[in-house]
Amino acid sequence: MNPRPWQRRPSALARQALALYTALIVYASWYPFYGWRSLGIGPFAYLDDPLSSYLTAFDIVTNVLGYMPFGALLVLALYPRWRGGFAVLLALSLGGLLSGVMEAGQTWLPTRVASNLDLAANALGALLGAVLAAPAASALLDRGWLRRLRFLWFEREATALLGFALLWPFAAIFPTPFLFGTGDWPRVLWLRVDPVMQDALFRWLPESWQPMTWPLTLQAMLPDAGWEALVTGLNLFAAGTLASLAMRARAPRVRLLLGLIVLTLLVKMGVSCLQSRVGLVFDWMTPGARWGVAWGAVVLALTLRLRATWRAAFAALALSVALVLVNLLPLNPYFDVVLADWRQGRYIHFNGLTRWLAWIWPYAALAWLAFAVERTWLKRWRGRG
């Protein structure tokens with residue numbers, strides 16, 4: 001009998017990360033998912049095509065690097081059922097199969113070009129990732145320090161929550177009017193509605209409730225820097241609290257959450273360097289944003305002593321208020337300059353993915369927090385009954 005039953009078990013986190021990364025590959029390969037048309041050739045005709053003269057070394061390296069995480073995650077997800085050379089062979093085969101299907105689908109997309117060189121580079125990337133991960137799989141998942149810290153600092157059933165919290169730095173990448181002010185898709189949808197339809201909808205409301213006056217009334221209550229500090233701090237507090245719910249009491253929660261905040265700011269800075277001119281790289285870190293990061297981090301640290309149920313409730317409240325403010329407050333005209341400088345045409349699939357993530361993440365987090373609070377209170381109510 002194994003004295004340590006947690007050893008030699010498949011990693012749920014690795015499998016979830018593999019599923020997420022596979023979805024990311026599909027998104028990046030087939031975006032924008034419309035305009036499909038037939039050219040009268042078979043989906044695998046690209047395998048016999050001559051090498052394209054338009055591909056550069058950058059394209060090849062990008063394709064190799066893009067599939068290396070897939071190969072590594074696949075080896076970790078297969079462990080311990082399949083290990084060593086067999087897992088590497090499976091990663092090479094499945095990576096090549098996935099890439100082959102993605103390239104075949106691009107045959108019918110007008111904005112994409114199926115390439116046998118891309119297929120070879122992607123398969124090589126999956127192989128390299130698997131070769132690097134295979135020797136370390138046991139140390140990472142069985143007896144390594146990462147595994148020990150995972151169970152020492154985090155709850156055993158918190159795998160999904162950990163992965164969800166780690167998505168927050170990437171949800172904050174795309175430019176928003178307020179730092180961390182994600183979830184503005186209701187505003188975007190409303191602005192796309194025909195003005196005649198908007199007026200028709202407003203007629204159903206009493207005159208004193210006309211929403212057209214709400215943004216200006218709300219804006220007059222605080223200066224722009226004050227609203228930015230409030231939105232930034234509320235979102236930071238909500239995201240940090242969500243991550244803290246996965247941590248044990250013995251974990252260095254303050255340091256871990258500080259590391260999450262620093263990681264988020266570094267990711268934001270790094271992507272801004274790639275996407276914007278040098279002069280606008282740090283424009284998102286305004287005085288209001290700095291105050292928001294400061295007060296949000298302080299309140300987050302102070303509330304760590306509260307019970308998990310109350311922390312989840314406060315995080316849900318903070319996120320709800322932040323979403324209302326993000327969708328009601330008028331846009332700063334300067335934001336149009338920042339968004340125009342963001343190079344939408346560069347890494348177009350990456351940009352589209354980060355924008356969708358920024359739209360969806362806060363609502364998914366709010367739903368999870370509401371479910372967690374409801375489940376806990378129902379358990380207490382049944383216990384008392």
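The values are calculated or read from the model by the stated rules, or taken from the named source; none is laboratory data. Computed from a prediction, not measured in an experiment: that's the story for all the values here. Heads up, the Cβs are rebuilt from the backbone with ideal geometry, glycines too, and the neighbour counts pull from every protein chain shown.
Descriptive notes on the structure:
Table: residues versus (1) part of a helix (DSSP H, G or I); (2) in contact with a Lys or Arg (Cβ under 6 Å, 6 or more places away or on another chain); (3) farther than 15 Å from Val26 by Cα; (4) modelled with pLDDT of 90 or more.
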residue: Leu76; (1), (2), (3), (4): yes, no, yes, no
residue: Ala91; (1), (2), (3), (4): yes, no, yes, yes
residue: Met102; (1), (2), (3), (4): yes, no, no, no
residue: Leu132; (1), (2), (3), (4): yes, no, yes, no
residue: Asp142; (1), (2), (3), (4): yes, no, yes, no
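- Qualifying position, being at pLDDT 80 or above, touching a helix residue (DSSP H, G or I) at 6+ places or on another chain (Cβ under 8 Å) and surrounded by fewer than 17 Cβ atoms within 10 Å (Cβ to Cβ), among Arg255, Arg248: Arg248
- Taking the numbered list (1) surrounded by 17 or more Cβ atoms within 10 Å (Cβ to Cβ); (2) at pLDDT 70 or above in turn, Glu155 passes all entries but (1).
- Checking Leu302 against (1) loosely packed, with under 15 Cβ neighbours inside 10 Å; (2) modelled with pLDDT under 85, the condition it does not meet: (2)
- Of all the residues in the range 78-91, those that are closer than 11 Å to Ala130 by Cβ and crowded, with 20+ Cβ neighbours inside 10 Å number 4.
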